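Below: the structure, in structure tokens.
Values in this text are rule-based calculations from the coordinates and carry no lab data. Just so it is clear, the model here is predicted, and its values are computed rather than measured. We place every Cβ from the backbone using ideal geometry, glycine too, and count neighbours over all the protein chains shown.
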Amino acid sequence: MATINFYLDKTNKKGQAPIHLRINCNGNQLKLSTGQKILPKQFNKKTQRVSGYNEAAIFINHYLNFLYERADELLNQNAKKKTFLIEELKTVLNDHIENYKDNNNVSILKEQVALYGNPFTFVDLFAGAGGFSEGFLQAEYNNKFFDFVVANDINENCELTHLVRYNHQLGLKAEFLKQDITEPDFLDNLLEKIAGKKIDVICGGPPCQSFSLAGKRKKFDKKDDLFSHYLEVIKVLQPKYFVMENVKGILTKEGGKIKELIIKEINSIVDIKEIPQLNSFIKKIKKDSNSFILDCIIKRVEIEKVLEKDKDAGRENFIGFVENRFRKITPKIADYRTSKTDQNINTIRHGFNLLTRTKQWDKLKRDIIKEKDFCNIDSDNFVSSFTDFLTEISSESIISKIETAFSSLKVPKANVKDCVDIITALQIYTTSFDESIEILKTLCNASQKVELDTILEHIRLYKIEKPFVANASNYGVPQNRERVLFIGCRKDQKYISKIPSTVLEEEKVTIFEALHDLDFIGNNEEAHRYEPVDISAQYNGTAKKMARLIKKRSIDGKPMAKGGKSFAEWSKKGRLIERFKSHTKPFYVKNHEGLKNGEKFFDMLNNHKTSNQNDKVIERLKFILKKGNYKKAQPELEKLGLSSNKRNYNVLKPTEQSSTIMTIPDDYIHYNSPRALTVREMARLQSFDDSFVFQGKRSTGGNNRKTEVPQYTLVGNAVPPLLARAVANEILKHIK
């Protein structure tokens with residue numbers, strides 16, 4: 001058993017004494033300078049730490065604790081090698097010491113200075129860990145590259161991971177806005193973070209849980225309306241391109257209606273500079289058609305010109321205009337007494353009152369949905385009551401009741417058209433711009449429709465024909481992860497309809513290529529540095545076959561006859577372009593407070609820790625691994641008393657790509673060991689560089705999954721950076 005302690009050496013001219021690390025083992029002694037100096041009176045010999053609770057003391061003590069843990073780990077804990085030469089110990093521990101020396105007193109938030117080429121700006125919404133951000137910073141084409149302006153998410157661990165990676169480690173000035181995109185002041189706060197910069201690209205994937213093939217639809221879930229808020233940001237910032245990523249199931253949801261609705265909403269984003277031309281056209285045809293409906297369409301179109309926060313006045317004006325029409329015809333469809341007491345008339349009149357208060361009802365709805373989600377109202381006797389109430393206060397439900405009330409009235413023939421017009425006007429109120437135009441077309445003759453189509457070509461701000469499915473494995477990612485991409489191209493930019501693959505089917509990166517050099521860790525172990533992996537010893541008779549799987553490649557996975565690096569080598573070296581060289585070495589912190597106090601863990605390898613699985617679970621995993629398939633193994637597992645209620649285990653095949661990486665590590669069995677994957681291994685399968693450190697808690701469970709985003713969730717929910725890189729490169733090829 002080795003003893004590890006700290007002591008002070010002789011003082012220098014300033015009266016400071018260097019702190020040294022001393023290790024005694026089997027009669028041998030090793031002394032190392034930690035690089036820290038203090039006054040002797042500041043050193044507590046009993047605890048062998050610095051006295052006091054000031055910032056410097058906290059930092060040095062954290063550093064000394066870190067060195068103690070790493071030395072103890074090498075000598076007394078999980079080290080596979082039990083005998084160390086003095087020089088070997090020196091080398092390993094000096095690496096840790098040098099990391100701290102290199103990264104002490106680091107300044108952050110340096111201005112991004114263009115070293116070469118043309119920078120284009122991007123914003124990453126629903127950023128999570130930062131998969132899109134990583135890919136965009138890796139992209140470069142003909143001296144064009146991306147500058148990172150702002151990221152947004154609602155979770156503090158997403159923010160922590162962003163701060164460490166982009167502000168501290170890379171020294172960028174990229175801001176982070178931790179706020180729900182549905183909150184009323186979100187856009188104001190986002191614009192403040194952007195600080196007047198013109199945004200060229202917006203990327204992000206609104207987490208439409210209700211569209212997921214794996215999830216169940218929860219009506220009035222707080223995630224349901226995130227797409228419309230994402231579009232609102234696009235309407236305001238009007239980037240040259242925007243990229244929206246989502247699950248494949250969105251294409252077939254509700255028979256494809258969801259997909260069509262998304263495209264319709266994108267086509268409804270208008271160039272506000274062209275709205276006067278459209279309104280002039282509508283006014284011109286008023287003399288030939290229904291002027292009341294056309295006036296309503298003009299008012300509806302005018303609402304498109306203002307920010308979401310300023311639209312309430314336009315909406316109230318619209319409802320007031322329609323309500324005034326109803327007031328005028330009321331005496332014609334009911335006598336005075338009836339108009340004051342009739343339930344249908346009151347329903348219509350009060351419906352208008354409700355519609356003019358849309359802003360207030362929407363705020364109430366947001367608050368109720370948040371409380372409902374916080375209290376886990378789902379699959380219980382409360383949910384239907386909440387759903388019914390939230391449905392009742394929606395504009396669509398109110399208008400439906402007004403329409404039913406009109407149909408129940410005994411309206412004179414001469415006034416039926418007036419009533420129909422009011423209902424049509426209210427439908428215009430809730431429609432998208434595109435749907436309003438469809439109503440307008442019904443009031444145009446043939447020549448007017450041709451003229452309108454010409455105007456619409458100019459007024460639609462974005463071009464998008466259809467979304468497409470991108471499989472991450474086609475872009476050098478060792479994972480068959482299919483995602484739908486909607487790429488909106490502003491009308492003054494070149495159209496992008498697909499992202500060309502970077503690798504052929506037979507060239508795809510395998511799981512073995514991605515993970516083989518990390519295969520030196522067992523059950524309930526943690527590694528903080530890389531260790532040699534002997535493929536010949538591990539695979540014996542099949543070693544040559546396994547070694548042939550490792551290919552030299554370009555960054556994006558294309559095999560190269562000369563030069564290049566293996567996927568694992570690229571992961572260690574990093575794929576960021578020269579401009580984004582690390583400002584500090586990678587480090588881990590437990591939380592925001594740890595970052596503030598300088599409690600950083602500088603290791604050569606991060607996030608490589610296995611779960612502590614009991615003997616029964618290990619036996620189960622061994623058997624499944626031997627069978628190669630969970631379903632095939634289940635009958636015999638039952639007989640052996642090793643069965644599990646777990647729905648599925650994915651056995652990784654070293655010569656293939658993995659299935660879609662999710663957020664629960666126990667769903668996967670390593671191809672060579674009866675264990676789950678580490679965060680780092682899952683990150684490799686997602687194509688994150690090893691220098692990207694996932695911060696905060698490693699995992700969580702139960703109801704905490706609703707509010708916490710630990711490391712495994714950060715990895716599993718991310719866009720693979722190499723897929724994002726391919727998207728970013730394609731945009732750089734086309735962007736003007």
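Angle between the Cα long axis of helix 383-392 and the longest principal axis of the chain, 0 to 90 degrees, nearest 10? In the chain, helix 383-392 runs at an angle near 40 degrees to the longest axis. With 22 Å as the limit, write out which pairs from Lys45/Lys101; Lys284/Lys359; Lys264/Lys370; Lys197/Lys736; Lys248/Lys631 have Cα-Cα distances beyond it, or answer none. Exceeds cut-off: Lys45/Lys101; Lys284/Lys359; Lys264/Lys370; Lys248/Lys631.
For the chain, the 222 nm mean residue ellipticity estimated from helices alone, with every DSSP H stretch of n ≥ 4 adding -39500 (n - 2.57) and the total spread over all residues, rounds to -13000 deg cm²/dmol. Taking the DSSP beta bridges with both ends in the chain, the antiparallel portion is around 60 percent. The C-alpha atoms of the chain define a longest principal axis, and helix 257-267 lies at about 80 degrees to it. Highest-first packing order for the peptide set 45-53, 726-734 is 726-734, 45-53, based on the mean count of other beta carbon atoms within 10 Å. Counting only Cβ charges, +1 for Lys and Arg and -1 for Asp and Glu, the dipole size of the chain around its Cα centre is about 820 debye. Peptides 422-435, 484-497, ordered by how many other C-beta atoms sit within 10 Å of their residues on average, highest first, read 422-435, 484-497.
Any idea what angle helix 446-459 forms with the longest principal axis of the chain, computed on alpha-carbon atoms, 0 to 90 degrees, nearest 10? So the helix axis and the longest Cα principal axis differ by about 30 degrees. Label Val533 and His592 with points 7 Å out from Cα along Cα→Cβ: what is the distance between them in nm? For the pair Val533/His592, the computed spacing is 3.7 nm. Distances between placed amide hydrogens fall under 5 Å for Phe126 paired with Asn152, all partners being 5 or more residues away or on another chain.
Highest mean packing comes first when the peptides 26-33, 385-392, 473-480 are listed by Cβ atoms within 10 Å, giving 473-480, 385-392, 26-33.
If a spin label sat at a point 7 angstrom from the Cα of Ala414 along the line to its beta carbon, the backbone N atoms of the range 326-352 nearer than 18 Å would be those of 326-336.
Using a Förster radius of 22 Å, what is the FRET efficiency between Gln634 and Asn614 based on their Cβ-Cβ separation? Nearest 0.05, please. Taking R0 as 22 Å, the efficiency between Gln634 and Asn614 is 0.65. A simple spin-label model places the labels of Lys46 and Lys733 7.0 nm from each other, with each point 7 Å out along Cα-to-Cβ.
On the beta carbon distance between Met560 and Val306, with R0 = 56 Å, the FRET formula returns roughly 0.55.
A DSSP coil position with no more than 10 other Cβ atoms inside 10 Å describes the following trypsin sites (Lys or Arg not before Pro) in the range 333-419: Lys410.
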